[in-house]
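**Q** One structure coming up, written as structure tokens, with questions to follow.
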Amino acid sequence: MSSDRPAPAFPASLRKRVHASGGTGRRSALLATLTLLLAACGQQTPPATDAVTGDAAGSAALSAEKLRAPDFGPNVRIFDPSMSTADIQAAVDAITAQQVGNQFGRERYALLFRPGTYGTPDKPLIIQVGYYTEVAGLGRNPTDVVINGHVDAYNQCDAGGCIALNNFWRSVSNLTVNVLGLDGCRSSATFWAVSQASPMRRVNITGGKLSLMDYCTAGPQYASGGFIADSSLGSVINGSQQQFLVRDSALTDWSNGVWNQVFAGVNGAPAQNFGAGGVYTTLAQTPASREKPYLYVDAQGSTRVFVPDARRGSRGTTWQGGQTPGTSLPISDFYVARPSDSAQTLNAQLAQGRNLLLTPGVYSLDRTLNVRRPGTVVLGLGVATLVPQNGVVALAVSDVPGVDIAGVMFDAGPVNSPVLLRVGTRRGRDDRGDDRDREGRGDDARTPTALQDVFFRIGGAQAGRATLSLEVNTDGTLLDDVWAWRADHGEGVGWTVNTADTGLIVNGDDVTATGLFVEHYQKDEVVWNGERGRTVMFQNEMPYDAPSQAAWQHGAVLGYAGYRVADRVRTHEGWGMGSYIFTNVDPTIHATHGFEVPVKPGVRLHDLLTVQLGAGTIDHVVNTTGAPVTGAAVGAPSIVVDYP
């Protein structure tokens, strides 16, 4: 695969997500560890964004009556192709100006486009996507909404340089981007320079290239890992992305790579080539998948929600060969929730058999939301965020099949919650035991429970605590783009402040994770107890802030694993998995291994790596196999191609 942009030898990730809370020095220290910089095409200032008045913004949104849609509230902007490009651009620019640097703010937005074409060669529509902003088409298929212009996420620049390592919590979906407009370097591609929790779904790129790094800023242009599904991408410049998953998509070529680029069920993907300089992990098919539900407008102008069917052994998009298979639900089946709604109100609607559509905002929950009906859909817009109060579990799903939770962030509250999201009921054993009640686990292979674009945050926006972020007890559950993050910067951050043991515990059997990101937890970060589990692409950073080795070890094991499969498990498989260490409080700290698994014929891991990012040591990649990573070779991975 070739590109007109040079490939980096290895830009170390060095997450460096530091902003107002005393992190500038840490970021400078991390940058100093890098020995190589990416080639850039020259500094280019991103397009200016002009603020608009409330009247102008109001004129940019059509009335709910005209759209035959419910009132989604002030933070959902719906655009129509009959509107002028200038009015749409003004409304979009006003939101960009507010959100592009608003990493820990409470503002949330969804920008929705009715079927039709937006922008022209003379007046392209340029959308720069900031924090907590969802850009989505309202067509039945991605080709029903065409943006002539750009949908971009650029690096963020300050005195320490220009990076995309902090570009989280945004999305683009269900539309075509016909790349037009902008000057100089910016005209060369549409840029989606993002890290975790910034999915691209059901996107059709035409007329130009897609770049997953922003090579137009001065650099270093690092990006930390991302997720694309059900998309037709054309030519892709990967550049500085350290790990990335593309699932069930199509592309014409893919250039560059850093540590591991993973492709599952992708037409046109690079051939398998990992180790000895190769960075590609390629699966011919995705073992199991279920695309995210989405809003659309039907031929009569009514708003509906489409829920795609599950697929097994999938390859390619769901929509290029015809309509996406699935079920269309009227919006009347949903309670359209506002952030002002109480947990009691939301539970009452769930008890009446309604689905939930969470409009953009932050929802404070003084009690657990309980999903008890099979097939319930909980769909968030604009990164809708649930914050539990008084130590409650934010959301619990009963042992029922076919539940879908998508587009939602769980943000830990100030009082410790035992878990933020529990899927199914755990029964009968601890994580190293053998006895388990196998009845009534809520599994249904035809309509599996699924989580898509579900994110967890412990600290960052405020002091938060949760022992566990996600517990999965239901058999056959599909986890598709999940990021569990114990914050390493922001507000309420510290070893004894934003406490969190584990990001994910899987107790159910036959659970599949595609795009699993779990970072900075204080004990084993993923614990997998169920049988026949599968993970396609895993990204992990160990905690930065352990104060000493004594504070971060158990028994004779130094530190904790990024990913542990329980001793009792007989069958498990993973592909394209990485764990990194950067212990910036005590650089002498060791972790015995990045991955811990039982040595059994049915437990197999492929294309593993560990990396040292400037401090700390991982002694082995998996169990006692794999060379250590140390400060002698910052950013150089230790690799195990197959284990055992």
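**Q** If you place +1 on the Cβ of every Lys and Arg, -1 on the Cβ of every Asp and Glu, and leave all else neutral, what size is the dipole of region 509-644 about its Cα centre, to the nearest 20 Debye? Mind dumping the intermediate values first?
**A** Numbers: 8 positive and 15 negative charges, 56 e Å.
Here the size comes out at about 260 debye.
**Q** Further, regarding this structure: Could I get the Rg over Rh figure for region 249-327? Both from C-alpha atoms, Rh via Kirkwood, rounded to two places.
**A** Numbers: Rg = 16.2 Å, Rh = 14.6 Å.
Rounded to two decimals, Rg over Rh is 1.11.
**Q** Starting with the fewest neighbours, write out Glu596, Glu541 ranked by other beta-carbon atoms found within 10 Å of each beta-carbon.
**A** Glu596, Glu541
**Q** Same structure again: Please list the non-local residues whose amide H lies under 5 Å from the amide H of Leu558, H modeled 1.01 Å from N, same-chain partners needing a gap of 5 or more.
**A** Thr592
**Q** So what are the ³J(HN,Hα) numbers for region 486-491, from phi and the Karplus equation (6.51, -1.76, 1.60; θ = phi - 60°), rounded to whole Hz, Gly and Pro as x?
**A** Once rounded to whole Hz, the list reads 8, 4, 9, 7, x, 8.
**Q** Using all C-alpha to C-alpha distances in region 542-644, build P(r) with 10 Å bins and read off the rounded percent in each one.
**A** 17, 48, 28, 6
**Q** Roughly how many Å is it from the Cα centre of region 263-337 to that of region 358-422, as a whole number?
**A** The two parts, judged by their Cα centres, are 23 Å apart.
**Q** Please give the Cα centre distance for region 80-146 versus region 509-561, rounded to the nearest Å.
**A** With region 80-146 and region 509-561 each reduced to a Cα centre, they are spaced 37 Å.
**Q** At q = 0.08, 0.10, 0.11 Å⁻¹, what is the log10 ratio I(q)/I(0) for the chain, with the Debye formula run over Cα points and no solvent?
**A** Log10 I(q)/I(0), no solvent term: -0.51, -0.83, -1.04.
**Q** I want the antiparallel fraction of DSSP beta bridges within the chain, as a percent rounded to 5.
**A** Details: 29 of 176 bridges.
Taking every DSSP beta bridge within the chain, about 15 percent pair in antiparallel fashion.
**Q** Taking 8 Å as the Cα distance limit and 6 or more residues as the minimum spacing, I'd like the relative contact order of region 308-438 as a percentage. Show your work: numbers first, answer last.
**A** Details: 259 pairs, mean separation 22.7, N = 131.
For region 308-438, the relative contact order is 17 percent.
**Q** Around Pro543, with a cut-off of 9 angstrom between Cβ atoms, what is the net charge of the other residues, counting Lys and Arg +1 and Asp and Glu -1? Kindly include the intermediate steps, with their values, before the conclusion.
**A** Values: positive: Arg486; negative: Asp488, Glu519, Glu525, Glu541, Asp545.
That sum, taken over residues with Cβ under 9 Å, equals -4.
**Q** Still on this structure, I have one more. Please list the non-local residues whose amide H lies under 5 Å from the amide H of Gly476, H modeled 1.01 Å from N, same-chain partners needing a gap of 5 or more.
**A** Here Asp509, Asp510, Val511 satisfy the definition.
**Q** State to the nearest 20 debye the size of the charge dipole of the chain about its Cα centre, where the only charges are +1 on K and R beta carbons and -1 on D and E beta carbons. Present the calculation step by step, with values, prior to reporting the outcome.
**A** On the way: 51 positive and 59 negative charges, 86 e Å.
So the dipole magnitude of the chain works out to roughly 420 debye.
**Q** Counting residues in region 340-432 as N, plug N into 2.2 N^0.38 Å and put the Cα Rg over that result. Intermediate values should be presented prior to the final figure.
**A** Working: Rg = 13.1 Å, N = 93, 2.2 N^0.38 = 12.3 Å.
In units of the globular-protein estimate, region 340-432 measures up at 1.06.
**Q** Also, quick follow-up: Select from Val146, Ala627, Ala591 the residue farthest towards the positive end of the dipole of the chain; place +1 on Cβ of Lys and Arg, -1 on Cβ of Asp and Glu, and compute about the Cα centre.
**A** Val146
**Q** Now a separate question. Calculated from DSSP H runs of 4 or more alone, at -39500 (n - 2.57) each and per residue, what is the 222 nm mean residue ellipticity of the chain, nearest 500? Spell out each step's value before the answer.
**A** Details: 5 runs with 43 residues, N = 644.
Calculated from helices alone, the mean residue ellipticity at 222 nm is -2000 deg cm²/dmol.
**Q** Determine, for His620, His554, His593, the number of other Cβ atoms within 10 Å of each Cβ, and report the residues in order from fewest to most.
**A** On the way: His620 20, His554 11, His593 26.
Fewest to most other Cβ atoms nearby, the residues stand as His554, His620, His593.
Computed from the coordinates by the stated procedures, all read-outs in this text should not be read as laboratory data. Computed from a prediction, not measured in an experiment: that's the story for all the values here. Note that we place each Cβ from the backbone using ideal geometry, even for glycine, and neighbour counts take in every protein chain shown.
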